[in-house]
Structure formats: C-alpha cells, structure tokens
1. For A:Leu124, which of the numbered conditions (1) away from chain B (no Cβ under 14 Å); (2) surrounded by 20 or more Cβ atoms within 10 Å (Cβ to Cβ); (3) in contact with a Phe, Trp or Tyr (Cβ under 9 Å, 6 or more places away or on another chain) fails to hold?
2. Please determine, by comparing only the residues of the stretch B:167-216 that are surrounded by fewer than 23 Cβ atoms within 10 Å (Cβ to Cβ) and small (Gly, Ala, Ser), which one is farthest from B:Tyr104 (Cα to Cα).
3. List the helices (runs of 4 or more DSSP H) that sit entirely inside the stretch B:29-124 and contain at least 3 residues that are within 14 Å of chain A (Cβ to nearest Cβ), within 30 Å of B:Gly179 (Cα to Cα) and touching an Asp or Glu at 6+ places or on another chain (Cβ under 9 Å).
4. Which one of these is at negative phi and free of Cβ contacts under 8 Å to residues at least 24 places away in the same chain: B:Leu327, B:Leu367, B:Leu334, B:Leu348?
5. Residue check: is B:Arg235 modelled with pLDDT under 95 and charged (D, E, K, R)?
6. Identify the residue in the stretch B:364-414 that is charged (D, E, K, R) and in a loop (DSSP other than H, G, I, E, B) and, among all such residues, is farthest from the other protein chains (Cβ to nearest Cβ).
7. Can we say B:Ala233 is aliphatic (A, V, I, L, M), surrounded by fewer than 20 Cβ atoms within 10 Å (Cβ to Cβ) and in contact with a Phe, Trp or Tyr (Cβ under 7 Å, 6 or more places away or on another chain)?
Amino acid sequence: MSEKPKRRVALKVLGATLGAGAFARAMAPLASWSKDLSMGEFLQKHYSEMTPDEMNTVMRRLESNTKRDYGRDVNIRDIRPSEGVEFGYALNLSVCIGCRKCAEACHNENNHDRRTNNSYIRVLEMEQGSFDMEKGNATYTHAVPAAGKYYMPVQCQQCSNPPCVNVCPVQATWKEPDGIVVVDYNWCIGCRYCEAACPYHARRFNWTKPEIPAEEINPDQAYLSNRIRPQGVMEKCTFCLHRTREGRLPACLEACPTGARVFGNMLDPNSEIRWVLANKRVFVLKEDLGTDPRFFYFFDE
Amino acid sequence: MRPLFKTLPPLDPNAEKESPVLSYPRFLIHVISRATDGGFRFYALMTLLTAVALVGANAWANQLKDGMAITGMTDHVSWGLYIANFTFGVGLAAGAVMMVIPAYLYRSRDMYDVVIVGEILAIAAIIVCTLFISVDMGRPDRLWHIIPGLGRFNWPISMLTWDVIVLNGYLVINLHVAGYLIYMRFLGRRPDKRWYVPFVFLSIFWAVSIHTVTAFLYSGLGGRPFWNSALLAPRFIASAFITGPVFVILLLQALRKFGNVRVGFGAITRLYRIAKITVLVNLFMFGSELFTALYSGGAHASTVQYLFFGLHGNTALVPWIWTGLGLNIASALLLHLPATRAGNIYLLNIACIAAFCGVWIEKGMGLIIPGFVPSTLHEIVEYQPTLTEWRITAGVWAFGFMILLIGLKIAQPVMTGAIRAREEEDKENNPEGRRRRVSERFTEAFGAAPDKEV
C-alpha cells in the first residue's frame with residue numbers, strides 16, 4: 001500500500017469517529033426521554049391479549065408511575081362491559097344554555113392537562129335559524145345564553161361505524177360491546193390518523209406530558225378511560241366508562257345545570273334514553289357520512 | 001434483443017473464479033469503499049449534508065423529549081410539514097421509477113441510461129418518506145406494533161397498513177434491481193434478464209400503487225371534504241410524473257458535469273417531453289377541483305376560499321398556494337417556450353426547478369393543511385411550522401440526499417456500462433440517424449460531451 005491510500009483510510013476513520021461522536025451528541029436528549037421507559041412498558045401486549053394477571057401487573061405499574069411522576073396514590077381498574085348494555089346519549093338543544101359546565105366537569109373527571117384546559121367536549125354557539133356550523137363559534141367569552149343563539153355541545157358520538165377505528169393501523173382503538181369506542185393508550189403509536197378521520201373533532205392528542213397538580217387528580221381511574229395519559233398518544237371521550245359501567249352517570253351529565261343531557265342503556269325498554277328516542281324528534285350530526293352515532297340531539301318544541 | 005447492459009471487465013479480477021460466498025463479502029467491501037471515496041467536493045458536500053442531518057436528528061430528539069407541543073401542530077391541524085413532505089416524497093419515489101416505463105414498454109434506448117438512476121432515486125425517496133412518517137409519530141418506540149405478526153396489523157381495513165405494505169415492498173423491489181445490476185457489474189457479467197426485468201415491470205406497477213394508496217389515505221376520509229375527492233389519486237399520479245422527470249433531468253446534468261457519466265441527451269429530451277405534457281394535465285386537474293369546489297359552494301368552498309384568499313382574516317396559507325400555483329404555471333409556460341423547445345438548457349433547468357418547487361407546495365402544504373382548515377366543527381385554527389419542524393424536515397432531506405449521492409456513486413460503473421453499450425449500438429446501426437437529431441439540440445447547448453470516463 002502506498003502512502004496516499006493509507007492517509008485516506010486514516011482520514012475516513014477520523015471522519016467516521018467524528019461523525020459518530022456528533023451523532024451521539026445530537027441524540028443526547030433521548031437519554032432523558034427514555035429514562036421513563038421501562039422494558040415492561042416497551043414489551044407490553046395489546047389490551048385484548050393480556051391475561052388478568054398481566055393486566056394486573058400493568059395497572060400496578062401505572063399506579064406506581066403516577067405516584068412517582070405526579071405524587072398521588074390512584075386506583076386504576078379494568079372495568080369490562082356488561083351483557084345486554086348498549087349506551088346511548090341524547091342532548092336537548094332547547095334547554096342547553098352554553099355554560100360549559102359539562103366541558104369543565106369532563107376536564108376534572110378525566111384528568112386532562114391543566115395548561116391546555118383540555119376537554120372532550122366543545123360547545124358551539126350557533127345562530128338561531130341556522131344549522132350551519134360555519135356560523136358557529138366555539139371560543140365565545142361573553143355571558144350566556146346570548147340573544148339569538150343556541151348552544152350545541154359536541155363530544156365523541158361513539159359511532160356504530162367509527163371511521164377512527166377503521167383507519168387505525170395497529171388496532172389501538174376499537175368499539176367495545178357496549179358501543180363505547182376506546183383507546184389502549186399503551187398501544188397507540190401516535191400517528192394521529194384517527195384524529196384526521198374523525199368528522200366530529202372528538203379525538204385529542206397528548207402533545208406533551210399532561211400536567212396536573214397532585215391534589216386535583218381524580219384517583220378513581222380505569223385503564224381504558226381516565227387514567228393519566230402518556231405523552232404522544234391519542235385520547236377521547238369514553239362516556240366515563242369507569243362510572244357508567246358501574247351504574248353511575250357520566251360526569252358531564254351530572255354537571256349540567258339545565259338537565260339537557262339524557263344517558264342510558266338503549267337495550268333497556270324502560271330507560272329514559274329509550275323514551276327520548278321514541279317520543280322526541282331526534283337527529284344525529286352529519287348523518288350523511290354514514291357513521292351511525294350513538295349520540296342524539298333533539299329540540300323540545 | 002438489444003444488449004441492455006454491456007459486459008465490461010469485472011471490477012474484481014478474482015470474482016469469476018470464486019463462489020459468491022467469497023465474492024459477495026468482497027463486493028460489499030468494494031461498495032463501502034466506493035461509497036466513501038471521492039474528491040474534495042464530494043467530502044465537502046457529504047460533510048455539509050451530515051451537519052444538516054445532525055441538526056435534524058437533534059431537533060427530533062428534543063421533540064421526543066418535550067413532546068410534539070414544540071411543533072406548530074394542534075388538535076385542529078394534527079398533521080403538518082412532516083406529512084406534507086411525506087406525500088411529496090411518495091410522488092418523487094413513484095415518479096422516479098415511472099421514468100423506466102419508456103425504456104421497457106416503448107424500448108426507448110436512451111432511457112436505459114436512466115433506469116438505475118430512477119431505481120436509486122426511488123430508494124432514497126422511499127427512505128425519506130419512511131423517516132417523515134417516523135418523525136411524525138408520537139411514539140416511535142412502539143413502531144413494532146405495526147409489524148405484521150409481531151404487533152397488530154389492522155389490514156386490510158386501514159389504508160395506512162396498505163401504505164406500509166406498498167412502501168416497504170417498493171423499497172425491497174428497487175433495492176433488489178439496483179443491487180443486482182451493481183453486483184453483476186462488479187462480477188463483470190451481463191445481468192440475467194430473468195433476474196431483473198420482471199422486477200422492473202413489477203416496480204412500475206408498484207410505483208402507481210404507492211401513490212394511489214397514499215392518495216386513498218386522504219380521499220377515503222369522509223369528514224374532510226377537501227380530500228374526499230375521486231380526483232385525488234389521478235392528481236397524485238399526474239404530479240408524480242412531473243417531479244420524477246424534472247428531478248431526473250437536473251440529476252442527469254449534474255451527473256454529467258460532476259460525475260463523469262456520459263448520460264445521453266436523448267434521455268433528457270424524452271423526460272422533457274413527458275414533463276411538458278404532465279404539467280398541463282396537473283394544472284387542468286387542479287383547475288377542475290377548484291371549479292367544483294367554488295361553483296357548488298358549501299364546506300368544500302370554504303376550504304378553497306381559505307386556501308386562496310383567506311377566511312375571516314386568516315391567511316397563513318395564501319402566500320404558499322399562490323407561490324405554488326405561480327411556479328406551476330411558470331414552469332408550464334417555460335417548458336412550452338419555443339426557445340426551450342429549441343434546446344435552451346438554462347430555460348429548461350429553470351422550468352424544472354420551478355415545477356419541482358411548485359409541486360412541493362401544491363402537494364405538500366397546499367394539500368395537507370387545508371384538509372384541516374376549517375376543522376370538522378368549522379373552527380379556523382391556523383398552522384405555521386415551527387423551527388423544530390423546519391430543522392427536522394431539512395435533516396431528513398439532507399439524509400435522503402446523502403443516500404442518493406452514495407447510491408449514484410456506487411452505481412456509476414453500471415451507468416457507464418449501459419451508456420457504452422448504447423453508444424456502440426448507435427454507431428453500428430444508426431450512425432447519422434434521425435433519432436439523434438432531437439437530442440443534438442441539447443448537445444449543442446451543452447457543448448461537447450466529455451469523453452473521459454470514471
């Protein structure tokens with residue numbers, strides 16, 4: 001080998017070393033990102049594939065993570081749907097006054113990020129005599145109800161034919177037997193295709209790690225609903241399944257001061273929701289899209 | 001049958017005598033040394049690209065740590081610059097291989113020169129696409145969830161799983177074709193047609209599929225009127241037939257100038273002819289979309305109004321789309337100017353750059369962002385990419401460029417062999433033939449072709 005190729009090889013090695021060093025330095029922020037990631041979490045199976053024992057281990061780990069990161073003891077459960085139950089929700093637009101108590105209750109119940117004031121419910125202030133959402137406004141700040149306006153809260157419509165479930169590439173979101181569309185926050189890869197597919201702006205992404213003071217955390221949590229979500233995954237309204245699957249009502253309904261909200265089991269002929277569906281002229285949002293929602297709206301008069 | 005690739009002496013003198021078990025590792029060493037050897041200009045360019053890629057890598061690491069809140073994206077506009085570039089990149093990848101059609105379907109000899117260029121551009125572009133998807137993911141640590149068999153692959157209902165299949169399949173096909181041709185050149189053997197021609201045909205069909213499936217990702221969403229159009233997939237294909245040719249036209253000239261590859265001007269001429277038609281088809285389809293949206297009104301119209309004129313004082317996309325449209329129209333005019341047709345290479349190059357940038361805007365920011373504005377509840381939340389997003393985007397493209405450069409460097413002996421075969425055939429069959437006349441216009445503009453090789 002002559003002198004020149006040797007020098008060239010030496011230069012290549014030097015270049016590669018410098019490059020590798022620079023790469024390690026560029027990627028240094030990953031160290032603090034990955035310190036929260038455990039092997040158990042990395043290898044965790046899909047919700048539907050876990051045995052009760054594995055599920056239990058995961059929930060205990062999540063509880064201890066919450067204690068570590070947020071300083072609060074919480075109770076995370078896995079509550080399954082009951083036979084013979086399909087939930088439905090109806091909202092009386094004639095009595096809704098747009099106070100956003102429902103959105104606030106959702107914010108607190110579901111352990112939403114405090115900085116962004118996130119909620120699964122958006123209340124649209126609509127113009128009397130029009131159903132055009134384009135004339136609606138979701139960011140009003142004046143006293144309600146305003147003259148010439150009516151109010152339309154929109155949350156997940158728990159579609160029977162949910163576009164968000166169809167598009168998910170990894171089955172991280174699915175429809176439960178009781179009709180609730182849920183997300184496995186530990187399986188979601190954060191591609192946000194479901195957020196693009198949803199016609200109701202019902203899905204939210206955790207753009208950052210949620211920030212909640214320990215004393216404001218709701219400790220009554222379920223794996224598929226209101227446990228504190230990790231950074232970088234999707235979340236959505238679950239009809240408060242940690243409450244409703246145990247016979248309680250959704251937080252948004254309990255908070256409503258006007259009684260505009262009606263919730264219940266659509267398979268129970270004596271339920272209030274069945275009475276509303278039978279006796280009121282109900283409609284669903286964007287029916288033309290074929291999503292077949294379980295969330296109904298109606299006017300009284 | 002014409003010889004597509006000429007048999008040249010092997011790059012490795014011992015290769016003929018040995019079994020592949022021995023020659024293949026040496027082939028890999030040869031490839032690595034070719035990839036890392038070059039003049040001062042090569043090292044300078046690679047250092048620059050590495051630096052930009054590292055800035056991007058650092059921005060991405062920070063985005064993972066702090067969350068995607070440091071991007072301009074929100075729950076209202078949940079896809080941004082990354083997915084815009086992904087969409088454009090798929091077009092580039094598809095367009096690159098569709099350049100191979102004239103070579104095989106119409107037996108255009110000039111185009112044999114660019115077969116391997118198209119394959120390598122496709123490989124680089126697909127890697128760019130994959131990276132853009134990866135940097136857009138909130139949880140790249142869970143990437144294994146999408147691996148069939150290992151995770152839960154929601155196939156066939158999710159269009160995204162189709163995209164995973166077609167993009168990865170496309171990468172494998174092109175790696176095979178390019179790798180095989182380079183390996184055969186290394187051994188000094190004439191490539192066996194059975195081992196690459198079927199795959200070249202497959203890659204042509206596959207190229208159409210990657211861009212169709214990517215269009216279906218968007219057009220299948222009923223809740224997004226701007227995307228929910230049957231014309232989206234044809235538009236994607238039309239614009240792929242712009243970006244592919246114009247990029248290869250520029251690339252071939254660069255190869256000629258800096259790479260000592262005697263690329264025939266016949267290839268450039270043919271690519272120019274393709275682009276001349278496709279810029280018009282693309283503009284026509286774009287106009288059809290605008291007419292349908294604006295004339296009938298409704299939700300579709302408000303998006304288009306936002307895009308072109310702004311809505312209720314929100315005008316973030318207006319400068320983008322007018323720049324994009326202006327560039328597209330300018331490129332169409334330039335490509336059809338008599339001076340360009342007469343062989344003015346500078347006008348052609350300006351037209352190519354304009355077309356490339358114009359499609360980048362139209363297919364990128366001009367397509368993805370208006371899908372989200374107004375939102376599904378008709379709220380208007382605007383989107384502007386942040387510095388983090390620009391850094392990551394620049395880093396991904398820089399990395400893609402590195403792959404392209406290295407790929408072309410490795411493939412240079414293959415190109416040289418193909419070109420020499422064509423030139424000799426030209427001399428034998430058609431010394432002063434008509435077919436050469438068109439390309440001579442470009443040759444004159446360029447001056448004499450350099451005759452030294454490698």
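The values are calculated or read from the model by the stated rules, or taken from the named source; none is laboratory data. The shown structure was predicted, so the numbers you read here are calculated from the model rather than taken from an experiment. Don't worry about glycine lacking a Cβ; one is built from the backbone with ideal geometry, like all the others, and counts go over all protein chains shown.
1. (1)
2. Taking the candidates together, the pick is B:Gly188.
3. Hits in the stretch B:29-124: B:81-98.
4. Details: B:Leu327 fails: free of Cβ contacts under 8 Å to residues at least 24 places away in the same chain; B:Leu367 fails: free of Cβ contacts under 8 Å to residues at least 24 places away in the same chain; B:Leu348 fails: free of Cβ contacts under 8 Å to residues at least 24 places away in the same chain.
Sole residue among the options that is at negative phi and free of Cβ contacts under 8 Å to residues at least 24 places away in the same chain: B:Leu334.
5. In short, no.
6. B:Glu382
7. Against the criterion (aliphatic (A, V, I, L, M), surrounded by fewer than 20 Cβ atoms within 10 Å (Cβ to Cβ) and in contact with a Phe, Trp or Tyr (Cβ under 7 Å, 6 or more places away or on another chain)), B:Ala233 qualifies.
To keep it simple, each residue is scored yes or no on (1) modelled with pLDDT of 95 or more; (2) closer than 27 Å to A:Ile189 by Cα.
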residue: A:Phe42; (1), (2): no, yes
residue: A:Leu62; (1), (2): yes, yes
residue: A:Arg77; (1), (2): yes, yes
residue: A:Ala90; (1), (2): yes, no
residue: A:Cys96; (1), (2): yes, no
residue: A:Cys106; (1), (2): yes, yes
residue: A:Asp113; (1), (2): yes, yes
residue: A:Leu124; (1), (2): yes, no
